[in-house]
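The values are calculated or read from the model by the stated rules, or taken from the named source; none is laboratory data. All figures in this text were calculated on a predicted structure; none of them were measured in a lab. Here the Cβ is made from the backbone with ideal geometry for all residues, glycine too, and neighbour counts use every protein chain on show. Accessible surface is based on the protein model in full, side chains and every heavy atom, while ligands, DNA and RNA are left aside. Shrake-Rupley method; radii C 1.70, N 1.55, O 1.52, S 1.80 Å.
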Amino acid sequence: MGEEKPKPVAAVWPTVKPFVNGGCSGMLATCVIQPIDMVKVRIQLGQGSAGEVTKNMLKNEGFGAFYKGLSAGLLRQATYTTARLGSFRILTTKAIEANDGKPLPLYQKALCGLTAGAIGACVGSPADLALIRMQADATLPAAQRRNYTNAFHALSRIVADEGVLALWKGAGPTVVRAMALNMGMLASYDQSVEFCRDSLGMGETATVVGASAVSGFFAAACSLPFDYVKTQIQKMQPDAAGKYPYTGSVDCAMQTLKAGGPFKFYTGFPVYCVRIAPHVMLTWIFLNQIQKAQKNLGL
């Protein structure tokens, strides 16, 4: 008898697995981090410090307000993180094969991270727009609120009111920000794992936690200025004459620089670090646990 051909599922799974694992780990991390992300957006919209925003949200909107936009956040992870982590692992695997199985130098990991970030941002931009609008909606006057009920309602309303291409409004700064974030996050994680494991001789748990912390720091440090511009572009509304405050991301950056100087881009930096670094750490930790579970199950 001839050798049996591999089942279609078995043949596809190794390719699909990095994408599935990435999306699941990102969604689990988002469930934990969503309240901090909500406070970060309110700070960037000028509602005060972290303490003031938290106090006002609890007083005026209740605890549920911290999870407003969760459906959009989960949809974003299901698209953005699935694409970026999956494509990064595919890219690095191919690069290692081309490098005769040797570890990649840092610059090649950074290039893989930049590419993966761009791919993920293009796929996840519509969900990201829905998330920003849902989080910012309560800060608008009652007459201007969009009152989206969930992420899919937001996406359908955006298409109906503004056209399909509006789903990628602010995609330029989103892609640039994602490239900066993922260059810092992905390259530094792999590099730190190699250093902690091979040079320091650390165990698996210590290696994952240590590399995750380094990854979170670099992700936050690289991406906040781009995140600030992206948020301003996505939440802007036209004035009475129908004119938007910014013509694009470059105009937004120049106006911000002129009005507040370079440190204006780091508005909400402490909360952003508190939000970005734990999310990155939890994503890697959840990913590690998912991979261990799959290994135990023989997947």
Per the filter on region 47-65, residues open to solvent by 60 Å² or more (accessible area, probe 1.4 Å) and more than 24 Å from the chain's Cα centre (by Cα) are E52, K55, N56, L58, K59, N60, E61
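At negative phi, open to solvent by less than 30 Å² (accessible area, probe 1.4 Å), outside any helix (DSSP H, G or I) and not β-branched (V, I, T): does that describe L85? Before you say what the answer is, go through the steps one by one.
Numbers: at negative phi: yes; open to solvent by less than 30 Å² (accessible area, probe 1.4 Å): yes; outside any helix (DSSP H, G or I): no; not β-branched (V, I, T): yes.
Taking the combined requirement at face value, the residue does not satisfy it.
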Subset of region 217-237 that is in contact (Cβ under 8 Å) with a residue 60 or more places away in the chain and open to solvent by 30 Å² or more (accessible area, probe 1.4 Å) - its residue that is farthest from I158 (Cα to Cα) | F217
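Every residue in region 153-162 that is over 18 Å from G248 (Cα atoms) and free of Cβ contacts under 8 Å to residues at least 40 places away in the same chain, please. Write out each step before concluding.
The initial filter retains those residues of region 153-162 that are over 18 Å from G248 (Cα atoms), namely 153-161.
Residues satisfying the conditions are H153, L155, S156, R157, I158, V159, A160, D161.
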Cβ pairs under 7 Å, 6+ apart or interchain, first in region 238-260 and touching a residue at least 12 places away in the same chain (Cβ under 8 Å), second open to solvent by 50 Å² or more (accessible area, probe 1.4 Å) and among the polar types (S, T, N, Q), ordered by first then second residue, are Y246/Q255
What is the residue count in region 261-271 for residues that are exposed (fewer than 12 other Cβ atoms within 10 Å of the Cβ) and either of a type outside the set (G, A, S) or closer than 24 Å to D37 by Cα (or both)?
-> 2
Residue pairs within 9 Å by beta carbon, gap of at least six or interchain, first lying in region 3-20 and modelled with pLDDT of 85 or more, second in a helix (DSSP H, G or I) and basic (K, R), listed first then second, are K17/R89; P18/R89; F19/R89
Test I90 against the stated conditions and say whether it is under 24 Å from Y228 (Cβ atoms), touching a helix residue (DSSP H, G or I) at 6+ places or on another chain (Cβ under 7 Å), assigned to a helix (DSSP H, G or I) and hydrophobic (A, V, I, L, M, F, W, C).
-> no
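Kindly evaluate M38 against the criterion of being hydrophobic (A, V, I, L, M, F, W, C), at pLDDT below 85 and farther than 20 Å from F269 by Cβ. Before you say what the answer is, go through the steps one by one.
Details: hydrophobic (A, V, I, L, M, F, W, C): yes; at pLDDT below 85: yes; farther than 20 Å from F269 by Cβ: no.
For M38, the condition - hydrophobic (A, V, I, L, M, F, W, C), at pLDDT below 85 and farther than 20 Å from F269 by Cβ - is not met.
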If you check A293 against the conditions, is it touching a residue at least 24 places away in the same chain (Cβ under 8 Å), open to solvent by 20 Å² or more (accessible area, probe 1.4 Å), out of contact with any helix residue (DSSP H, G or I) (no Cβ under 6 Å at 6 or more places or on another chain) and not aromatic (F, W, Y)?
-> no
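Being open to solvent by less than 40 Å² (accessible area, probe 1.4 Å) and out of contact with any Cys (no Cβ under 6 Å at 6 or more places or on another chain) is the filter; apply it to region 196-210 and report the residue that is farthest from I290 (Cα to Cα). Step through it out loud before you land on a result.
In the first step, residues of region 196-210 are kept if they are open to solvent by less than 40 Å² (accessible area, probe 1.4 Å); the result is 196, 207-208, 210.
Now restrict to residues that are out of contact with any Cys (no Cβ under 6 Å at 6 or more places or on another chain): 196, 208.
Values: C196: 21, V208: 13 Å.
Per the criteria, the residue is C196.
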